[in-house]
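S.K.: Here it is, the structure in full.
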Amino acid sequence: MKIALLGGTFDPPHLGHRKLCENFIAMMDFDLILIVPTYIPPHKIREGISSGEDRFTMCSLAFEDVEKVEVSPLEIDRGGKSFSYDTLCALKEQYPGSEMFFLMGTDMFRTFHEWYRYEDVLALCKLCVCRRYEEDDVTNDILSPFSDRFIFCSAEPFEVSSTQIREKVKNGEDVSALLAPKVYDYIKTRKLYSK
Ligand code: ATP
């Protein structure tokens with residue numbers, strides 16, 4: 001069984017996240033794609049992060065029409081800092097014998113060597129990396145000994161970030177082209193990011 005994992009804060013999940021998944025779904029024959037919202041992201045601590053419940057619900061809405069995708073409550077239920085190493089170990093137990101892949105954008109790839117037990121993470125899964133911005137560099141010299149553990153995608157990037165969406169909503173700008181329609185409606189109904 002081939003399982004892909006996409007971890008993130010997803011505050012909110014946007015069309016860049018979907019594009020990342022769709023690019024690799026088109027390249028690889030995954031049996032399951034797990035979207036795993038973090039509880040507390042180890043790399044990106046900031047004030048005012050939306051609740052786990054809101055982020056989980058938005059992920060479900062963002063991916064509900066993508067085949068083989070499930071949203072996993074694993075990290076939100078576990079609480080504390082969400083280390084991908086722990087998540088991968090839990091998934092290996094849940095799906096013994098599976099082949100695992102970790103989807104990520106270039107920003108995560110560039111700092112991947114700072115992740116908790118990154119060498120063990122690389123033993124557990126291959127990294128599937130997409131550019132976030134046209135000019136993105138996809139090299140990381142520290143990781144070069146592990147180059148057989150990466151798969152790069154050459155598709156055009158979808159240039160958006162959750163930070164950009166939060167700021168636009170706060171400024172009253174239109175973000176409908178950057179989000180799945182149901183996520184857009186959810187943000188409006190729940191008045192997220194407007195203050
Ligand atoms: P923020 O702006 O709040 O830091 P973000 O847009 O980077 O959020 P995350 O939820 O932190 O979103 O990202 C989860 C994963 O998705 C990361 O591996 C990140 O690199 C990747 N990702 C996010 N946006 C894109 C994008 N536009 N294209 C490709 N990958 C992306």
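S.K.: Ignoring ligands, DNA and RNA, how do 138, 36, 69 rank by accessible area with a 1.4 Å probe, largest first?
M.R.: 138, 69, 36
S.K.: GNM, the chain, Cα, under 10 Å: largest mean-square fluctuation among 86, 141, 107?
M.R.: Residue with maximal mean-square fluctuation among 86, 141, 107: 141.
S.K.: For the stretch 72-160, just run the numbers: alpha carbon Rg, then divide by 2.2 N^0.38 Å, N being how many residues it has.
M.R.: 1.14
S.K.: If DNA, RNA and ligands are ignored and the probe is 1.4 Å, what is the ranking of 154, 147, 98 by accessible area, most exposed first?
M.R.: 154, 147, 98
S.K.: Once amide H atoms are placed 1.01 Å from N in the peptide plane, what residues at a sequence separation of 5 or more from residue 128, or on another chain, have their amide H within under 5 Å of its amide H?
M.R.: It is 102, 103, 104, 151, by chain and number.
S.K.: At 1.4 Å probe size, with every protein chain present, just tell me what the per residue accessible area of the chain comes to in Å².
M.R.: 51 Å²
S.K.: Give the carbon-plus-sulfur fraction of the accessible surface of the chain in %, rounded to a whole number; probe 1.4 Å, heavy atoms of protein chains only.
M.R.: That share works out to 50 percent.
S.K.: Give me a comma-separated list of calculated 3J(HN,Hα) values for the stretch 161-176, in order, Karplus coefficients 6.51, -1.76, 1.60 applied at θ = phi - 60°, integers in Hz, x for any Gly or Pro.
M.R.: 9, 5, 4, 4, 5, 4, 5, 5, 4, 4, 8, x, 8, 7, 10, 4
S.K.: How high is the relative contact order of the stretch 2-159, in percent, with contacts defined as C-alpha pairs under 8 Å that are six or more residues apart?
M.R.: In percent, rounded to a whole number, it is 26.
S.K.: Using 0.36 nm times the number of residues separating residue 70 and residue 134, minus their current alpha carbon distance, what extension gain do you get?
M.R.: 20.2 nm
S.K.: Could you list the GluC sites (Glu not before Pro) in the stretch 134-195 that lie in coil according to DSSP, counting only those with at most 16 other Cβ atoms within 10 Å of their Cβ?
M.R.: 134, 135, 159, 173
S.K.: Sticking with this structure for a sec: Can you list the HN-Hα couplings for the stretch 187-194, worked out from phi with the Karplus curve (6.51, -1.76, 1.60; θ = phi - 60°), rounded to whole Hz and with x for Gly and Pro?
M.R.: 4, 5, 4, 8, 6, 6, 6, 7
S.K.: Taking the Cα atoms of the stretch 2-159, what is the range of coordinates along each of the three principal axes, in descending order and whole Å?
M.R.: Extents along the principal axes, in whole Å: 38, 34, 31.
S.K.: In the structure shown, do any of 170/191; 2/81; 19/188; 81/126; 2/182; 2/126 have a Cα-Cα gap over 18 Å, and if so which?
M.R.: Beyond 18 Å: 2/81; 19/188; 81/126; 2/182.
The values are calculated or read from the model by the stated rules, or taken from the named source; none is laboratory data. Keep in mind that this is a model prediction, so the values were computed, not measured. Reconstructed Cβ throughout: ideal geometry from the backbone, glycine too, with neighbour counts over all protein chains shown. Accessible surface is based on the protein model in full, side chains and every heavy atom, while ligands, DNA and RNA are left aside. Shrake-Rupley method; radii C 1.70, N 1.55, O 1.52, S 1.80 Å.
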